[in-house]
1. Could you check segment 258-282 and list, in sequence order, the residues that are more than 29 Å from Ser365 (Cβ to Cβ), of a type outside the set (Asp, Glu) and surrounded by fewer than 18 Cβ atoms within 10 Å (Cβ to Cβ)?
2. For a quick check of your reading: which helices (runs of 4 or more DSSP H) sit entirely within segment 14-94 and have at least 2 residues that are under 22 Å from the mean Cα position of the chain (by Cα) and surrounded by 22 or more Cβ atoms within 10 Å (Cβ to Cβ)?
3. Name the residues in segment 229-254 that are out of contact with any strand residue (DSSP E or B) (no Cβ under 7 Å at 6 or more places or on another chain), more than 27 Å from Pro373 (Cβ to Cβ) and not in a helix (DSSP H, G or I), would you?
4. Quick check on this structure: which one of Asp135, Asp121 is within 12 Å of the ligand (Cβ to nearest atom), over 21 Å from Asp50 (Cα atoms) and charged (D, E, K, R)?
5. From the set of residues in segment 138-170 that are away from the ligand (no atom under 16 Å from the Cβ), free of Cβ contacts under 8 Å to residues at least 40 places away in the same chain and polar (S, T, N, Q), which is nearest to Val218 (Cα to Cα)?
6. Can you name the residue in segment 290-316 that is surrounded by fewer than 24 Cβ atoms within 10 Å (Cβ to Cβ) and within 21 Å of Val375 (Cβ to Cβ) and, of all such residues, is farthest from the ligand (Cβ to nearest atom)?
7. So if I check each of Ile100, Ile120, Ile126, which one is at pLDDT 90 or above and either closer than 26 Å to Ile193 by Cβ or not charged (D, E, K, R) (or both)?
8. Taking the options Leu156, Leu241, name whichever one is closer than 25 Å to Arg411 by Cα and not basic (Lys, Arg).
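The values are calculated or read from the model by the stated rules, or taken from the named source; none is laboratory data. None of the values given here were measured: they were computed from a predicted structure. In this analysis, Cβ positions are derived from the backbone assuming ideal geometry, glycine residues included, and neighbour counts consider all displayed protein chains.
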Amino acid sequence: MTDLIYVNGGTPLNGSITVRGAKNFVSKAMVAALLGETPSELRNVPDIRDVHVVSGLLELHGVKVDYDVKAGVLKLDPSNVETAHMADIDAHAGASRIPILFCGPLLHRLGGCRIGDRPIDFHLSILRQFGAVVDKRENGIFLSAPNGLKGTKIELPYPSVGATEQLLMTAVRAEGITELSNAAVEPEILDLINVLQKMGAIITVRTDRVIRIEGVPVLKGYSHTALADRIEAASWASAALATRGDIFVKGATQPEMTAFLNTFRKVGGEFEIQDDGIRFFHPGGELKPIVLETDVHPGFMTDWQQPLVVALTQATGLSIVHETVYENRFGFTDALNGMGAQIQVYKECLGGTECRFGQRNFHHSAVIAGPTPLVARDIVVPDLRGGFSHLIAALAAEGRSSVKGIQLIDRGYENFMGKLEALGAKFEMA
Ligand code: EPZ
């Protein structure tokens with residue numbers, strides 16, 4: 001696949017596209033298959049690079065992977081799980097943080113786990129509390145569980161998605177009871193809990209976000225259809241708004257997107273919820289500015305923020321966005337300013353409650369002044385979500401932009417060029 005495309009913007013995106021399973025669930029459900037004694041089957045699996053990366057990692061650990069890409073069906077047979085070489089894991093995983101999630105399951109299955117060096121202190125502390133021994137060596141980290149893993153009580157300082165998943169996949173087969181306070185409860189995590197329950201786990205989620213797990217000695221494989229990718233759905237919704245278009249996102253579901261839908265409506269976008277998807281469209285007229293704060297579920301997701309900011313450049317007035325989940329998620333606004341947007345970023349917590357980044361040196365609030373016509377520019381994609389947002393900006397901008405680094409986008413957006421074509425976007429590959 002080429003890494004550079006030329007986009008001729010200024011045309012509304014109109015038509016219908018399909019989103020399949022959520023990247024941030026599918027990759028974890030694939031890891032969960034390691035915990036079963038029998039094969040698992042996952043359906044609605046999107047053909048994205050992250051799925052291939054995790055498939056490769058599972059294969060390195062002896063799992064038989066059979067992936068029917070077109071049907072979206074993934075069969076995983078973990079009967080012969082084995083230790084993998086660290087150099088192979090690192091070469092395969094690149095910067096991905098998924099390998100750390102292999103550790104709980106592998107400690108149960110093999111008594112040990114090797115991973116390369118990644119910023120994962122939180123995960124290591126959880127594994128230690130279950131009784132794992134963490135040995136940091138020059139070439140990576142070795143984990144072992146000489147006395148098995150035992151249930152424990154843990155309170156997260158922040159409801160981290162990855163840390164909650166780590167704990168779930170370690171606790172389900174640990175001896176005794178585990179209690180996690182201040183857990184994250186994103187829909188992708190709840191669907192992982194569905195999968196684990198199918199495998200034989202006993203997990204209770206309380207209304208105060210305390211998760212209680214009663215360990216069981218053995219789990220079996222699962223058969224499951226992944227929930228839809230609400231980040232991808234919202235990205236196309238924002239593309240419809242920014243280009244004054246009309247996109248039916250087949251597969252999008254309402255319950256996981258209520259916070260996004262409320263915001264979309266407040267900005268002036270319209271939507272129609274149907275049985276098989278959601279139609280998002282620009283009804284004509286002016287868009288309205290908003291004050292928005294990202295948050296953990298059931299709040300407005302951090303991953304929805306970047307594509308929506310592109311649409312906010314077209315709203316009449318000042319919008320304020322306060323990012324409270326990640327400290328550095330406004331870097332992508334520089335390129336937008338280069339295209340004619342007027343976005344100022346601030347270190348202060350603007351427009352909402354004081355967050356944990358408030359007294360620190362992070363540009364985590366943004367003020368967007370609109371409407372600003374966007375003009376074409378040469379863009380280099382910085383990361384997955386920022387990159388898709390740049391692409392939306394190029395599609396909304398008058399003139400011909402070049403967008404370099406688009407391979408980063410296919411980490412999480414299935415067949416996005418095919419979808420752009422289906423929506424009438426004008427672009428060519430270099
Ligand atoms: C998941 O990342 C997603 N990734 C992210 O999506 C998503 O943005 C994020 O959850 C929040 O919803 C995957 O599922 C693969 P976190 P994760 O642990 O689990 C801090 C995408 O583009 N933190 O909830 O890594 C951390 O720095 C990606 O699809 C610690 O302080 O997110 C951040 O500020 C991007 N210590 C906050 O918690 C830790 O040990 C939230 O991170 C771990 C996290």
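1. Result: Ile273, Gln274.
2. 23-32, 49-60
3. Once the filter is applied, which keeps residues that are out of contact with any strand residue (DSSP E or B) (no Cβ under 7 Å at 6 or more places or on another chain), more than 27 Å from Pro373 (Cβ to Cβ) and not in a helix (DSSP H, G or I), segment 229-254 yields nothing.
4. On the way: Asp135 fails: within 12 Å of the ligand (Cβ to nearest atom).
Exactly one of Asp135, Asp121 is within 12 Å of the ligand (Cβ to nearest atom), over 21 Å from Asp50 (Cα atoms) and charged (D, E, K, R), namely Asp121.
5. Step one: filter segment 138-170 for residues away from the ligand (no atom under 16 Å from the Cβ), giving 138-140, 142, 144-153.
Okay, now just the ones that are also free of Cβ contacts under 8 Å to residues at least 40 places away in the same chain, so 138, 142, 144-148, 150, 152-153.
Restricting the remaining residues to those that are polar (S, T, N, Q) gives 144, 147, 152.
Numbers: Ser144: 19, Asn147: 17, Thr152: 19 Å.
For segment 138-170, the residue satisfying everything is Asn147.
6. This residue is Thr316.
7. Matching residue, one of Ile100, Ile120, Ile126: Ile126.
8. Numbers: Leu156 fails: closer than 25 Å to Arg411 by Cα.
Every option except Leu241 fails the conditions.
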